[in-house]
Amino acid sequence: MSAIDLILLGSLYQGKKSAYDLQKQVEARNLSRWVKIGSYTVYKKVVQYEKKGYVSSETVKNGNMPEKTIYSLTEYGKGHFRELMSGFSLAETRVFLDFNAVIVNLALLGESDAMEYLTNIKKSIQDTKEQISGSLSVHKDIPLFGRTILEQQYMLLETLEKWEEGFEQELSSQGKKAFEIKKGGEGK
């Protein structure tokens, strides 16, 4: 199971929803920023949950609107949700940063290309930090649990800024030496 399962089952723990409503809640809470989740995934997951007995479904029609399927968390699903909560809270903390795939390959390029990509990463960190800061200042009514995640992300971005500055300084001080590749793929 994944963080996506925890998010979707948690949403259904709050109350009955259609797959469309689940997707809208993910978008409204801006969760796709931290967990890769799209509408196709949501629809696919609710079907899987029903097969596993985590949710039950009913088809409803409201006036002239088309029929839609509403999903409810079963008692079995609530138990599974609690197991996921426990498992994730006990799991090793891992931080996956997509840009690390760029960092490990910088030595393969020339110094100017490497510095360009490092500048791109620096700008992305700064832009994301500004975006989160804006959300925190504009949306003062964000509930505690959502706000604390934004604050956590902001603090991580501040740390990443410091890391990037140090890395850039070290890279500059090593100059061309940093871009020399040993046979076997690692820098000297």
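Structure summary
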item	result
For the stretch 21-123: rounded, prolate or oblate by the Cα gyration tensor [a/c cutoff 1.5]	prolate
Cut-off under 5 Å, modelled amide H: who pairs with VAL55 long-range	GLU50, THR74
Rounded, prolate or oblate (a/c below 1.5 giving rounded, otherwise prolate when a/b exceeds b/c) for the stretch 77-162 by Cα gyration tensor	oblate
Computed E for THR59/ASP98 - FRET, C-beta separation, R0 35 angstrom, nearest 0.05	0.30
Candidates LEU108, LEU150, LEU73, ranked by Gaussian network fluctuation over the chain, Cα under 10 Å, top entry	LEU108
Length released on extending from ALA91 to GLU111, taking residue separation times 0.36 nm less the Cα-Cα span	3.3 nm
Amide N proximity, the stretch 101-120 versus LYS176 label position 7 Å along Cα-to-Cβ, cut-off under 12 Å	111
Options (i) 15.2; (ii) 10.2; (iii) 12.8 - which one matches mean projected area of the Cα convex hull in nm² as calculated here	(i)
Under-5 Å amide H pairs with LYS17, H placed in peptide plane, nonlocal only	TYR71
Net charge dipole size for the chain [Lys, Arg +1 and Asp, Glu -1 on Cβ; Debye, nearest 20]	700 debye
Backbone N under 13 Å from the ILE142 label point (7 Å along Cα→Cβ), restricted to the stretch 109-131	128-131
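We did not get these values from a lab; they are worked out from the coordinates using the rules stated. Bear in mind that the values here come from a model prediction, so they are computed numbers and not experimental data. Heads up, the Cβs are rebuilt from the backbone with ideal geometry, glycines too, and the neighbour counts pull from every protein chain shown.
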